[in-house]
Structure formats: structure tokens, C-alpha cells
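Below is one structure; the comments refer to it alone.
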Amino acid sequence: LFLVLSGLATGASWLCYFKALQLGDVNKVVPIDKSSTVLTILLAAIFLQEGVSLTKGIGVVLIAVGTFLMIEKKQSGGETKSAAWLWYALGSAVFASLTAILGKVGISGVESNLGTAIRTGVVLLMSWVMVFVTGQQHSMHGLNRKDLLFLGLSGLTTGLSWLCYYRALQDGPASVVVPIDKLSILVTVAFSGLVLKEQLDRRSGTGLVLLTAGTLLLVL
């Protein structure tokens, strides 16, 4: 039950996340998605009885402040479009935090690879249902080799990430595993600058430093 619920939460998080990426800049969307760390720690304290020390509390505050500094409306878009990516990113963060908590409960006593396969099956089914519900199945004819290549590579890296992530969740506390996983924001922001030419201004750079410092404090 909890693995299925975790899969549904993951599917909802992905749908929101990729919609947000479609509407907003990578270096703006990702920090909000990664802020799910804060909610995950709070939920882990409530439902999993994982303690919150002073150090973790400071880390949560730094992450919250850093995320706020990195939120910035796109200058090239209209108000409606800018607001849309923000709400989708927030939805992604909420569902991502539920994914971690439900996955932690569901993975207990289950071999991590089998648990990942069950969740992935749920996500796969949910994703295709949404494609047909929204009538997007006809768009498949417009995919070229480049699209398929990068989507395939993204799928492979996602699978590897999940296998490692849920093995870590099985053996370690969610309030520590999740922050380590969220450090991927450094790699994401770096690639968004090198490949997509998205630049951080001084405010966003300060926010990234605070967010990273807060995440590292949670790991201690």
C-alpha cells in the first residue's frame, strides 16, 4: 500500500516538476523542488519520530531562506506564465516530500530493488494514463531521434538514482538521506549554466550558497 502511494506521489511530483521546467528556468525551478527537504524533515519528525536537532533546525532555516532568494520571476515572460511555473514547482516539492516518507515506510522489510520496481510500475502506469487523459498520445509522432535519445538517457539516470536512493532510505534515516540527495542541485545549476546558458545573479547565487550550507548542516 505504501509503495503504491509512494509511486502515486512520485508520479504527481514528476508531472508538476516537468511542467514547471517547461514554463520556467531550470535554475529557478530546481531550488523550489529541492526545498521539499524542509517538509520531508518535518514529516519525518512527526510520522517517523526522527529527531530534529538544533543543527538540523538551522539547516532548515538556511534552506528556506536560500530557496526564497532563488525564486525570481522570469523577465521575459508574462505574469500568468511566471506564476504558473512557481505553483507547479511548489506542487512538485510537496509530492516529493510525501514520496520520501511513504517510500521509507513502504521499503521497510522489502528488498530495495523490488520496492523500486513496484513504485516505478505505478509511476509508469500513472504517466501513461495522464498522457491519454490529456490527449497527448498523438504527440509521439512528433518526437525525433534527439528527443528520444535525451529522454532515454534521462530515464536511465533516473533509474540509477532511484536504485541508490531507495537502498539508502532502507538503511538510513529519511531526514539524512533526502538532504544528501538534494545536493544534486549543485550539479543541476552548473549544467544549466554550461549547457542552457542560464546565469545566476548575485541574489540567486547567495541563495544557492545558503541552500547548500543548510543541506550540509542537515547531513552532520
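Okay, here's what the table says:
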item	result
Added length on full extension, which subtracts the Cα-Cα distance from 0.36 nm per residue, L148 to F68	25.3 nm
Charge tally in the Cβ shell below 14 Å around T215, where Lys, Arg are +1 and Asp, Glu are -1, T215 excluded	+1
Listed peptides 12-21, 182-191 by packing density, highest first (mean Cβ within 10 Å)	12-21, 182-191
Listed residues I46, I107 arranged by accessible area, highest first, probe 1.4 Å	I46, I107
L124 accessible area, 1.4 Å probe, all protein chains in place, Å² to nearest 10	100 Å²
Whole-Å distance, taken between Cα centres, linking the range 94-119 and the range 165-183	11 Å
Segment L216-L48, length gained on full extension (0.36 nm per residue, minus Cα span)	58.3 nm
Hydrodynamic radius (Kirkwood) for the range 19-62, which is based on Cα pairs only, to one decimal in Å	11.8 Å
Estimated inter-spin distance, D171 and T158, nm [label 7 Å along Cα→Cβ]	2.6 nm
Rounded, prolate or oblate (a/c below 1.5 giving rounded, otherwise prolate when a/b exceeds b/c) for the range 1-130 by Cα gyration tensor	oblate
Ellipsoid equivalent to the chain - semi-axes via the Cα gyration tensor, in Å	26, 25, 15
Length added when fully stretched, A117-T55, from 0.36 nm per residue minus Cα-Cα	18.8 nm
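The values are calculated or read from the model by the stated rules, or taken from the named source; none is laboratory data. Because the structure is a prediction, the values reported are computed rather than measured. Every residue, glycine among them, receives a Cβ derived from its backbone with ideal geometry; neighbour counts consider all protein chains shown. Ligands, DNA and RNA are excluded from the accessible area calculation, which covers all protein heavy atoms including side chains. Shrake-Rupley method; radii C 1.70, N 1.55, O 1.52, S 1.80 Å.
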